[in-house]
Structures are given as structure tokens and as C-alpha cells.
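Have a look at the structure below, then the notes.
The values are calculated or read from the model by the stated rules, or taken from the named source; none is laboratory data. No experiment lies behind these values; they were computed from the predicted model shown. We place every Cβ from the backbone using ideal geometry, glycine too, and count neighbours over all the protein chains shown.
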Amino acid sequence: MGKQMEHKEFLELMQFYLYDELDITKKNMFDAHLKSCNECSKEFEAFKEFISSLSDEIDKDVDPALLQDARSELRGYIRASKFNNSNNNSVLDFLKNIIYKPAGLAFGGLSLLLIGVFSGYLLFKESNIITDNNQNLNSDQYKIQNINFIDSDPADGKVEFTFESLTPGHIKGDINNPEIQNILSYALLTEQNPGTRLNSINVINATNSTKMDEEIKQTFISVAKYDVNPGVRREALKALSETQVDNEIKDALIYVLLNDTSSGIRIEAINNLITASKKGIRLSQNDLTILKEKMSSDNNNYVRFQAKNILKEY
Amino acid sequence: MKEKMLLSDNELIIKTNNGDALAFEELIYRYDKMVLRIALKFTNDEDEAKDIYQEVFIKVYKGLQNFQFKSEFSTWLFRITSNVCITFKRSKQKKQQISIDDAEDSFTSTIADTESDLPDTLVIKSEFNDKLNNAIETLSPNQKMSFLLKHLEGYKIKEIAVMMNCKEGTIKKYLFDAVRRLKLQLEGNY
């Protein structure tokens, strides 16, 4: 028979026994002592209750709003960092252009940066750019937030909104203007207000272009997968399906189908997947495995039914 | 809901390093809730937790190009989290010059009386939760981080040792002392 365990050693090991972190020899000795010693057995039960209360009471939830907030700030940083490293077509360059170009018209009293109403292909002509002062801003001043739409109706081909950075801004211009779209896609990742994010999607999506800008596509995919608001996720998904679906968008549809908790959004995803498949987008073996799983396990009848329909084609 | 994975962490890292921003996003969203949860428990303050979250992922973003695949991504991430939290706490303590005695005083101060229409059991649970949070606050940064990685995230001592760059014996000591300290402070409340 092996060495007996002393009370002191028993008490020292209780915690690691409960963690299941003792080697087999110590564990056996511990069990033997537990059975044979009444005093230690009582002590052990009380300690077990304490450890269990720690695990039960420690709050494991994170407020989804806090998580969204933290993610937005991080996206803002990463996006800004990408802009700072990019040489062309960035929000930063765009804003610098607005500020450095000579004023065509001054608006007294308001600290507004106003771009004149653009039309057709006459984008960024100096005469269209209006500013009330020639400020010398550095890149840190371009953290755009609190976008407020004045006109988000795409019917007339124009969009108008204000925003806050270190200097408040006000932009009015053609919805096809890629820089305006860039600002809105930035807002899509960083704005707290879901209404603003929805408006941004709708405005960006109302452009005449048949092919979505790569940066905007990445943003829409990110929003469709991760935005906390189901309405925003759904709109992003719709916008993606209205463009030319490629393998990246197809992968996003599969991801949403697999992970989204909203059955409405999964339905949107599987419908879009069917359309993409009809247009010649090939599903990989991994995609088919996921669809097989969906066919048998999704809690929505329609998703199961459509998964089966897609699989019939393969 | 745990996110279902299409690609492994390492595959996402390779894609990220090839310029795929979505892959980076997918990678961090697998773990960011855990990082925020630890930061929140560590600081007991939402704004500070967000600062830690930002710093952790900015370090990850900047350091991913040099990731050697010698350890799991999650281990590397929690090592960064652990470093950022402990450094943050130490620099805050330095700034505010809070003594351990002060911290203990703050723990022993009574829980604020609040009017509530919650059932009694929930109020008691919530009070215990507050007391537990206050007691966790009094632990040293290393004790606290070991405790959270064990009791909040359920990591094994061996894993925590790698994350905190310590010997297993050191982690055992931190855990042992942390739990003893909490037990002493919460006596009669559980």
C-alpha cells in the first residue's frame, strides 16, 4: 500500500483535484483519504460548494452592444490604417482633396465642408468643391462618425449627409461618386446607429455600376456576416446578391447559412445561393457537405427544402 | 452560439497575411468575445475593457505577419491579452498609487443599497456577484489573470502557463493564493 496522505496535503490539493489537474497517483491518494477521513470530507464538501459558487456566479455574458462597440472601434482603426497606407482612392485622400482645393464658395458661420452637387460624370471638378476655410489637417483628424443623412433617397441620383470628425463635415454629391461610397462603406463598419448603417447600404447599392467595388464588396460581406443587427445583415446580403456573385460572395452565403441565428436571413442566403448556382457558380465539396447538414438539421422547413433542391442538382 | 468554422485558424492567418481582410475579421471574431470578457472582468470597467480589446487586436493585427505557427493562435492571442491586461493594470496602479490596503478597504465597504423589484434570490445572487467582482479586484494582476483564464475560460494550468509565459508551478501558486484570498473575503456569502 502506498503512502498515506496527510490532512495538510489533502487541503492543499483540494483545489487542483476539483480542477481535475492531479496526476493519477495523487488523485488515487486523494480519493482514499477522502473516503477515510470524515473531517477532510466535510472540508472538501464546503470547498467544493465554494468553487462551484465561483463558477456559477462569475458573469460570463458580454453585453452585445459593448461587443459591437468594441468591434466598430477596431474596424475603424484598421480601416483608417489601411487608408493611411494606401496611395489612391481613399477616404483620406478624398477628404484632403476637399480641404486643400480652393474655395469656390464660402459658407459663413458654419464649419461645413460642402461638395457641390455632382452630376453625371463631372466628378471632382474644382468648381464643384466648396469649403469655407483652408485648414491644414493631419490624418488623425479623419475619424468619421455620427453620419446623419439629409437625403438618402437614391431616386434623384444624389445623396446628402453630415458627419463628425475633428472638423464637422457636410457632403452633398452624386451617389455614384466612389469616394462618397467609400465614406459610406466606412460608416457601415463603424456607425453605432443601425438606421444609418441601413441607409448607407441602400445608398451604396443604388449606384449605376454593375460591378461592385472590391472594397465595398468586402465591407458588405463583413456586414452580412457579423453585424449585430439582423436587418442590417439582411440588407447587406441582398445588396451582395444584386451584384455579380463570385466565389467570395458564395463563401459568405455559405457562412451565413451555417451560422446566422435568424431563419429569415438563412432563407435569404439559400435563395441567393440557388440563384448563384443557376448562374454558374460551382459549389465545392465542403459547401455540399454543409448543405447536406442543413438539409437534415436546420430548424427551418424552407431552408431544409431548398438545401435538398440544391443537392439534387449535384 | 459557437461559430461554425469553415477554415482553421492557421488557414485564416495565411489568408490574412496574403491581404484578405475578411479572413482577419473571421479569425478575430472567433475569439474577441473571450478577450473582451476577460478584459471586462479584469478591469471591471467597460471603457477600460474596450481599450484593452483595441490594444490586443491592434497588436495581433500588427504581429500576425510574424506569427510562426509554433503555437496555437489562441495561445498566442491570450498571451497578448494577458500581457496587455497586466501591463494596463500595473500602469494604472502606478498612476493612481493605489495601495493594497486601499483596495481591501474598497472591498470591505458595503454594497450600495439599491431599490429593486427583483425577486429576493436574484438580489442575493446579484449581491454575491458584486462581492465576487470586488473580491477579484483585490487580487494581484497575475493572480487575477490566472484565476480568470481558469474559472472564466476553463483553460488547463499547462495552457495558462504557456499563455502567461510562466512555469506551471507558478500558475498553481497564483491560483492557490487567488482562491484562498477570495474564500477569505467571501466567507459566509456563498
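Give the residue, chosen from A:LYS292, A:LYS279, that is touching a Leu at 6+ places or on another chain (Cβ under 9 Å) and among the basic types (Lys, Arg).
Numbers: A:LYS279 fails: touching a Leu at 6+ places or on another chain (Cβ under 9 Å).
After ruling out the rest, the residue left standing is A:LYS292.
Let's see how each residue does on (1) crowded, with 16+ Cβ neighbours inside 10 Å; (2) closer than 26 Å to B:LEU77 by Cβ; (3) of a type in the set (Gly, Ala, Ser); (4) in contact with a helix residue (DSSP H, G or I) (Cβ under 8 Å, 6 or more places away or on another chain):
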| position | (1), (2), (3), (4) |
| --- | --- |
| B:GLU127 | no, no, no, no |
| B:LEU149 | yes, yes, no, yes |
| B:TYR155 | yes, yes, no, yes |
| B:MET163 | yes, yes, no, yes |
| B:GLY169 | no, yes, yes, no |
| B:LYS173 | no, yes, no, no |
| B:ALA178 | yes, yes, yes, yes |
| B:LEU186 | yes, no, no, yes |
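If B:ASP47 satisfies all but one of (1) surrounded by 15 or more Cβ atoms within 10 Å (Cβ to Cβ); (2) modelled with pLDDT of 90 or more, what's the number of the condition it fails?
(1)
Has the stretch A:33-43 got at least one residue that is part of a helix (DSSP H, G or I), at pLDDT 90 or above and facing chain B (nearest Cβ under 9 Å)?
No, the stretch A:33-43 has no match at all.
Residues A:MET5, A:MET14: which one is over 30 Å from B:GLU127 (Cα atoms) and either modelled with pLDDT under 85 or within 14 Å of chain B (Cβ to nearest Cβ) (or both)?
On the way: A:MET14 fails: over 30 Å from B:GLU127 (Cα atoms).
None of the other options fit; the residue is A:MET5.
So which residues in the stretch B:7-33 are at the interface with chain A (Cβ under 9 Å from one of its Cβ atoms) and closer than 20 Å to B:THR75 by Cα, if there are any at all?
Those that are at the interface with chain A (Cβ under 9 Å from one of its Cβ atoms) and closer than 20 Å to B:THR75 by Cα: B:PHE24, B:GLU25, B:GLU26, B:ILE28, B:TYR29, B:ASP32, B:LYS33.
Counting only residues that are at pLDDT below 75 and among the aliphatic types (A, V, I, L, M), which one in the stretch B:116-154 is farthest from B:ASN83 (Cα to Cα)?
Checked the stretch B:116-154; the qualifying residue farthest from B:ASN83 (Cα to Cα) is B:LEU118.
Only residues in the stretch B:138-156 that are at the interface with chain A (Cβ under 9 Å from one of its Cβ atoms) count as the first member; pair them with residues that are part of a loop (DSSP other than H, G, I, E, B) and surrounded by fewer than 22 Cβ atoms within 10 Å (Cβ to Cβ), Cβ under 6 angstrom, at least 6 apart or cross-chain, and list the lot.
B:HIS151/A:ILE58; B:LEU152/A:ILE58
Testing A:ILE175 on (1) without any contact (Cβ under 8 Å) to a residue 40 or more places away in the chain; (2) out of contact with any Leu (no Cβ under 8 Å at 6 or more places or on another chain); (3) under 29 Å from B:TYR31 (Cα atoms), one condition comes back false. Which one is that?
(3)
Look through the stretch A:248-263, keep the residues that are closer than 24 Å to A:ASP63 by Cα and assigned to a helix (DSSP H, G or I), and return whichever of them is farthest from the other protein chains (Cβ to nearest Cβ). Don't jump to the end; show me each part of the working.
Within the stretch A:248-263, the subset closer than 24 Å to A:ASP63 by Cα is A:255-256, A:258-263.
Still in the running and assigned to a helix (DSSP H, G or I): A:255-256, A:258-259, A:263.
Numbers: A:TYR255: 6, A:VAL256: 11, A:LEU258: 5, A:ASN259: 6, A:SER263: 13 Å.
Here the residue is A:SER263.
Please go through the stretch B:34-60 and pick out each residue that is of a type in the set (D, E, K, R), more than 9 Å from chain A (Cβ to nearest Cβ) and part of a helix (DSSP H, G or I). Break it down stepwise before answering.
From the stretch B:34-60, those of a type in the set (D, E, K, R) are B:37, B:41, B:45-48, B:50-51, B:55, B:59; that's our starting set.
Among the residues that remain, those that are also more than 9 Å from chain A (Cβ to nearest Cβ) are: B:45, B:47-48, B:51, B:55, B:59.
B:ASP47, B:GLU48, B:ASP51, B:GLU55, B:LYS59 - these are the residues of the stretch B:34-60 that are of a type in the set (D, E, K, R), more than 9 Å from chain A (Cβ to nearest Cβ) and part of a helix (DSSP H, G or I).
Given the criteria within 18 Å of A:PHE220 (Cα to Cα) and without any contact (Cβ under 8 Å) to a residue 60 or more places away in the chain, does A:ILE254 qualify?
Details: within 18 Å of A:PHE220 (Cα to Cα): yes; without any contact (Cβ under 8 Å) to a residue 60 or more places away in the chain: yes.
So A:ILE254 fits the description; yes.
Condition first: facing another protein chain (nearest Cβ under 10 Å) and of a type in the set (S, T, N, Q). Now tell me which residues in the stretch B:169-190 satisfy that.
Within the stretch B:169-190, B:ASN189 is the sole residue that qualifies.
Across the stretch A:283-302, what is the number of residues that are more than 20 Å from A:LYS238 (Cα to Cα) and part of a loop (DSSP other than H, G, I, E, B)?
3
Run down A:TYR19, A:TYR77 and say which single residue is of a type outside the set (A, V, I, L, M), under 28 Å from B:GLY188 (Cβ atoms) and within 13 Å of chain B (Cβ to nearest Cβ).
Values: A:TYR77 fails: under 28 Å from B:GLY188 (Cβ atoms).
The unique qualifying residue is A:TYR19.
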